[in-house]
Amino acid sequence: MTGAMGLEMPAQQPQLWATAAPPTPGPRPGGPAATGPNRGQAGPIAGNVAGFGQQLHRYLYRPECFASLDCPGFECGWRDGGCRVLAQALHLWLGAGALGLIVNGDAGAAGHVVYQVGRWLLDGDGVSTAPTLLRRWRTQEGVSRARLARFDPGSAAGIPTGAALEYSLAAQLQTRFDRGAVLRLLLPDIHLAGRPPRPQG
């Protein structure tokens, strides 16, 4: 199903917790109808994952972006209720990963939804490795037995979601960041694999 600005809505919630197949280029917004600070032109991204993570974190907390959660039922932030909206928006935008959950212990309730692209986990804090993200949840959020698990809509039923918010946020991300550059940064092995070998000597 195609959503706003040509974004593809997955037929069902992504269930994988592993690196996805090589991504295919998605449609880009543009032209006079595009909105945002760059007027439809995606801005540059940092040349390393840590730098892009900081850019993503700062952008998500800009007033015009953070305000996407300011509606009935979503009086929350990216770490206290808006995480599923963000993860779904990242999936709509990038289409090259899978949703996952942070749960407490073997039978604990889901506490946070993240988006995995390759070895990287994306959420409202930016981009992290699994050990870094879990350490943050154990020390800062008090989830002593935090672990990663496959995304399960049933387990995540208590975490708010909303297609309109997800499409809106995905469109904002697509306008701000160059999708191809982000995927090349997060999935370098996939993109390098298609390049011809360098000449020897």
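Of all residues in the stretch 109-140, count the ones that are over 11 Å from the mean Cα position of the chain (by Cα) and crowded, with 17+ Cβ neighbours inside 10 Å.
Adding up the residues that qualify gives 9.
Report, by residue number, each residue of the stretch 161-182 that is surrounded by 17 or more Cβ atoms within 10 Å (Cβ to Cβ) and assigned to a loop (DSSP other than H, G, I, E, B).
Thr161, Gly162
Each value in this text was obtained by applying a stated rule to the coordinates, not by laboratory testing. What you are looking at is a predicted structure, and each value in this text was computed from that prediction instead of being measured. In this analysis, Cβ positions are derived from the backbone assuming ideal geometry, glycine residues included, and neighbour counts consider all displayed protein chains.
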